[in-house]
Amino acid sequence: MSKIILTHEVTGLGTPGDVVEVKNGFARNYLIPKGFAVTWSRGGEKQVEQIKAARSARELATIEEAQHLKQSLENAVVKLTVKAGQGGRLFGSVKTSDIADAVQEAGIGSLDKRKIEIPNAIKATGNHEATVRLRDDLSATISLQVVAAK
């Protein structure tokens, strides 16, 4: 087992600044090369404080703002226009950055693409859902309407 410090949020593992233990191969082959984590060391404790300070600065300032954004997201249907072939199959799939851009274009607010989770890959037109973590303790469900570009 390797002890690492997370620099980005990893679903099911933790948030930036958390010190966690994972299997050696997972840390060596995935988390560290992708930049999601750094190896833990005595000097790394200073990094933990810096990471947590940066994270708190990026979080939505107040719980009221987050709840307002959650209400706006859940009441709206976000329309995504994508290239599609016959039968509504997409050329590729909808990415989290596409969803973040569509939410911003709809005038609802700006979202961090790293905090958006798509439970099932969106590879066809129609109605779909995605979840966004607004804060550690608050998530919202986004209703998506995927339509083919003309």
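Using C-alpha positions alone, give me the convex hull volume of the chain per residue in cubic angstrom.
Details: hull volume 17.8 nm³, N = 150.
For the chain, the hull spanned by Cα atoms encloses 119 Å³ per residue.
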Task: Distance between the stretch 116-150 and the stretch 1-36 - C-alpha centres, whole angstrom - done: 26
Open item on the list: Multiplying the sequence separation of residue 45 and residue 113 by 0.36 nm and subtracting their Cα-Cα distance, what value in nm do you get?
Closed with: 21.7 nm
Task: Relative contact order of the chain, pairs being alpha-carbon contacts under 8 Å that are 6 or more residues apart, as % - done: 20
Task: Packing-based exposure ordering (other Cβ within 10 Å, fewest first) of 112, 98, 18 - done: 112, 18, 98
Open item on the list: Quick check: residue separation of residue 150 and residue 1 times 0.36 nm, minus the Cα distance between them. What number comes out in nm?
Closed with: 48.4 nm
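For the stretch 1-41, rounded, prolate or oblate, judged on the Cα gyration tensor with a ≥ b ≥ c (square roots of eigenvalues), a/c < 1.5 rounded, else prolate if a/b > b/c? Don't jump to the answer; show the numbers that get you there.
Numbers: a/c = 1.38, a/b = 1.22, b/c = 1.13.
It is rounded, given that a/c, with a ≥ b ≥ c, falls under 1.5.
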- [ ] Mind checking the stretch 1-43 for trypsin sites (Lys or Arg not before Pro) that DSSP puts in a loop (not H, G, I, E or B) and that have at most 14 other Cβ atoms within 10 Å?
- [x] 23, 34, 42
TODO: Please build a GNM for the chain, connecting alpha carbons under 10 Å apart, and tell me which residue among 39, 125, 15 fluctuates the most.
DONE: 39
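Starting from the Cα-Cα distance between residue 93 and residue 38, subtract it from 0.36 nm times their residue separation and give me the gain in nm to one decimal.
On the way: separation 55, 0.36 × 55 = 19.80 nm, distance 3.08 nm.
Going from the current span to full extension adds 16.7 nm.
Taken together, the values in this text are just the output of simple stated rules run on the coordinates, not laboratory data. Model, not experiment: these values are computed from the prediction. Don't worry about glycine lacking a Cβ; one is built from the backbone with ideal geometry, like all the others, and counts go over all protein chains shown.
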